[in-house]
1. I'd like the orientation of helix 68-95 relative to the chain: the angle between its Cα long axis and the longest Cα principal axis, in ° from 0 to 90, rounded to 10.
2. Ranked by accessible surface with a 1.4 Å probe, highest first, in what order do H122, H146 come?
3. Work out how much length V132 to V46 would gain on full extension: take 0.36 nm times their residue separation and subtract the Cα-Cα distance, in nm to one decimal.
4. Can you compute the FRET efficiency between I38 and L107 using 1/(1 + (r/R0)^6), with r the Cβ-Cβ distance and R0 = 41 Å? Round to the nearest 0.05.
5. Using a 1.4 angstrom probe, figure out how much accessible area the chain has per residue, in square angstrom, rounded to the nearest whole.
6. Could you check how much of the accessible area of the chain is carbon and sulfur, as a whole percent, using a 1.4 Å probe?
7. Taking the Cα centre of the chain as origin, work out the dipole magnitude from +1 charges on Lys and Arg Cβ and -1 charges on Asp and Glu Cβ, in debye rounded to 20.
8. What distance in nm lies between label points placed 7 Å from Cα along the C-beta direction at L152 and N77?
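The values are calculated or read from the model by the stated rules, or taken from the named source; none is laboratory data. All of these numbers come straight from a predicted model, not from anything done at the bench. FYI the Cβ positions are ideal-geometry reconstructions off the backbone, even for glycines, and counts take in every protein chain you see. In case anyone asks, the SASA skips ligands and DNA or RNA and just uses the protein heavy atoms, side chains included. Shrake-Rupley method; radii C 1.70, N 1.55, O 1.52, S 1.80 Å.
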Amino acid sequence: PRVLFIKELHITLVHSMWIAMLIMGIVMISAFFVSHNITLPIKRLVETTRRVSAGDLVTKVDVFSNDEIGELSRSFNEMMDTLRKSEERLVFEAFHDMLTALPNRALLLDRLERLIERNRRHHEHKFAVLFVDLDRFKNVNDSLGHAKGDELLIAISHRLQACLRTM
């Protein structure tokens, strides 16, 4: 009976070891897949964050899941869209008059500098600058108010734009 008990104990231990090894294998494979499904999207987010901090606001994070990481990726993409739109708005505001939406002095000087440089390289390239001034515009503001002066500037800007060809 004792030998039989030891033999049964040995068989039970061997079976238990095989079951434990099988469970450990399943746990390790599951851990690998879970880890891969978590770390890979996080690595993508980190890489995209680096690109955004370097000024690249076009790159998007690929969203492959509907879990928290997928939600984080979607939120990150929305944040980048907002940043890109804000940057575009700031650039527009930096180079355009807010009342008329016409290019301002900063954009004129930038484009003029480019044209002069291009003319230095290619003498056959000609350009002209037209300067328009509104005589006694101060009188309009003083007598009719700034709101009417703004209306006049907007009307004049529309007429000037109507005379220009599209580029």
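1. In the chain, helix 68-95 runs at an angle near 10 degrees to the longest axis.
2. H146, H122
3. 25.8 nm
4. 0.30
5. Per residue, the chain has an accessible area of 85 Å².
6. The C+S portion of the solvent-accessible surface of the chain is 64 percent.
7. Roughly 520 debye for the chain.
8. 5.2 nm
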